[in-house]
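Take a look at the structure set out below.
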Amino acid sequence: MAGVAKEVVAGLSSVVLGYEYEERLIVSALLANGHVLLEGVPGIAKTTLVRGLSRLLGLGEDVVFELGGVGFRGMSRIQFTPDLMPSDVTGSLVYNPATRDFEPRFGPVFAYVVLADEINRAVPRTQSALLQAMQERSVTIGGRTYPLEVRDRGKFFFVLATQNPVEQEGTYPLPEAQLDRFLMRIVMDYPSSLETEKEIYRLHMYRLTEPVEDLEPVVEPVWVVEAQDLIAREVKVGEGVLEYVTRLIRSTRPSIFHPVSKYFELGASPRAGVFLIRAAKAYAALKGSSEVEFSDVDAVLFPVLNHRLIPNFERLVELESEGERFLARYRLIREGIEYVKKSAAG
Ligand SMILES: Nc1ncnc2c1ncn2[C@@H]1O[C@H](COP(=O)(O)OP(=O)(O)OP(=O)(O)O)[C@@H](O)[C@H]1O
Ligand SMILES: [Mg+2]
C-alpha cells in the first residue's frame, strides 16, 4: 500500500516541483476519503497537480467507467463562472424525442476525480449543488438518487476545488459553515526558493507540451478504495496521540481555554477532531508506518483546522491594516494554531 502511495507522490513531484509537502497532503486527503480546497494565486500548478494525480491513478479525462447504467469519467473539470447553473454541475432530465421520454443527463460531478476550478466565482446556489453532492456522495436527478461513491465496485469520489484568495472582486467566498465539507484547505504559496524556481524553468525549457501529459498510471483506480479501507482499519492511534489530539482540539475553544481568544472567536468542533485523526492516519500510512506519531498529527494540523476556526475579528482587522489583506487571515490562524500546539504539548 505505502509503496504505491509513495509512487503516486513521486510521480506528482516529478511534474510539479517544490511542493512535496502539499502533494503528500493531497494524497493523504484522498486516502482519508476527504475532499480538498486548494488556495493560491494563479499559475502555481494547481490544475497540473490534479491532472497529474488523476493520470497516476489511471483516471484521465478521456476514460469512462460504466457502473450501474451511469458513465463515470475518470476526471472532470468544472470551470466555475457566474453563469454556471446547479444542473451544469449535477445533471438534469432531458427529453428524448426518439423514446418520447425524459432521460437523465449526468453532469460532470459523475467522475472519480472532480476538479472544481475557481469555485468562488459561481453563485452560491451552484456552489451548494457541489457541496451537497460532496457531503451526501450522491446526486438526485428527476426524483432518482444516484450514488457518486460505490465502494464495493471501487468507485471513490474525490473533489478538489481551487480558489484564488487574492481576487475577491465579483466572487462569492464560500461561507465558513460550508468550508468544513473539505477535509483540508491547503494553502499554496510561490515556490519557496530561487533554486526550486530555477528547476521549474529547467523542466519546461526545451518543450512546449506539459510534462504532466507524459505521466503513466502507477496503479488501478480500485486501489484507492482498498487503501482507504486498509488505513481506516489498520493504522493504529495510541493513547498518547489520542490524548494529544483531544487536547489540541479543546484548546482551540475560547470557552474552554480562555487565552486562545486572542486568536480565535470560535474553535474546532468534535467533527474537526475526527477528521484530524483520519488525516493523520493517512499521512502516517503514506510514510509507511502503521501507527500515528505526534509528528503526523502536526503535519496535518494546519490544513485540517485552518478553515474551521473563526479568527478573532479585532486582531484580524488590526493585522489587515498592517499588511496584505488575505495573508493576515492565514497568519493569525497559523499563530493561533502554533500557540495551541504549545499548550497541548506542555
Ligand atoms: N512547481 C511547478 N513545477 C512544474 N511546473 C510548474 C510549477 N508551477 C507552475 N508550473 C507550470 O506553470 C503552468 C501553470 O500551471 P497550472 O495551470 O497548473 O496553474 P494553476 O495554479 O492551475 O493556475 P490558474 O490558477 O491560472 O488555473 C503549467 O505549465 C505548469 O506546468
Ligand atoms: Mg488552474
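The values are calculated or read from the model by the stated rules, or taken from the named source; none is laboratory data. Given the structure is predicted, the values throughout are model-derived calculations rather than measurements. FYI the Cβ positions are ideal-geometry reconstructions off the backbone, even for glycines, and counts take in every protein chain you see.
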In segment 200-233, the residues that are aromatic (Phe, Trp, Tyr) and either within 16 Å of ligand 1 (Cβ to nearest atom) or modelled with pLDDT under 95 (or both): Tyr201, Tyr206
Number of positions in segment 53-80 that are within 13 Å of ligand 1 (Cβ to nearest atom) and either surrounded by fewer than 19 Cβ atoms within 10 Å (Cβ to Cβ) or over 19 Å from Phe110 (Cα atoms) (or both): 2
Cβ-Cβ under 6 Å pairs, at least 6 apart or on other chains, segment 290-319 side of a type in the set (Val, Ile, Thr), far side surrounded by fewer than 22 Cβ atoms within 10 Å (Cβ to Cβ) and not in a helix (DSSP H, G or I): Val292/Val237; Ile310/Glu265; Ile310/Leu266
Segment 227-258: number of residues that are surrounded by fewer than 15 Cβ atoms within 10 Å (Cβ to Cβ) and charged (D, E, K, R): 6
Residue within segment 122-130 that is at positive phi and among the small types (Gly, Ala, Ser) present: no
Residue match in segment 86-105 (condition: within 16 Å of ligand 2 (Cβ to nearest atom) and of a type outside the set (A, V, I, L, M)): no
Single residue of segment 12-38 satisfying the filter (under 26 Å from Arg329 (Cβ atoms) and assigned to a loop (DSSP other than H, G, I, E, B)) that is nearest to the chain's Cα centre (by Cα): His35
Options Val15, Val8, Val27; residue that is more than 26 Å from Ile141 (Cα to Cα), in contact (Cβ under 8 Å) with a residue 24 or more places away in the chain, touching a helix residue (DSSP H, G or I) at 6+ places or on another chain (Cβ under 7 Å) and within 16 Å of ligand 2 (Cβ to nearest atom): Val15
Options Thr196, Thr171, Thr162: the member that is within 16 Å of ligand 1 (Cβ to nearest atom), closer than 28 Å to Ala299 by Cα and not in a helix (DSSP H, G or I): Thr162
Condition met for Val41 (assigned to a loop (DSSP other than H, G, I, E, B), within 16 Å of ligand 2 (Cβ to nearest atom) and under 30 Å from Glu167 (Cα atoms)): yes
Top-ranked residue in segment 125-160 [being surrounded by fewer than 22 Cβ atoms within 10 Å (Cβ to Cβ) and of a type in the set (Ser, Thr, Tyr); ranked as nearest to the chain's Cα centre (by Cα)]: Ser128
Residue match in segment 187-196 (condition: in contact with a helix residue (DSSP H, G or I) (Cβ under 9 Å, 6 or more places away or on another chain), within 16 Å of ligand 2 (Cβ to nearest atom), within 18 Å of Gly43 (Cβ to Cβ) and aliphatic (A, V, I, L, M)): yes
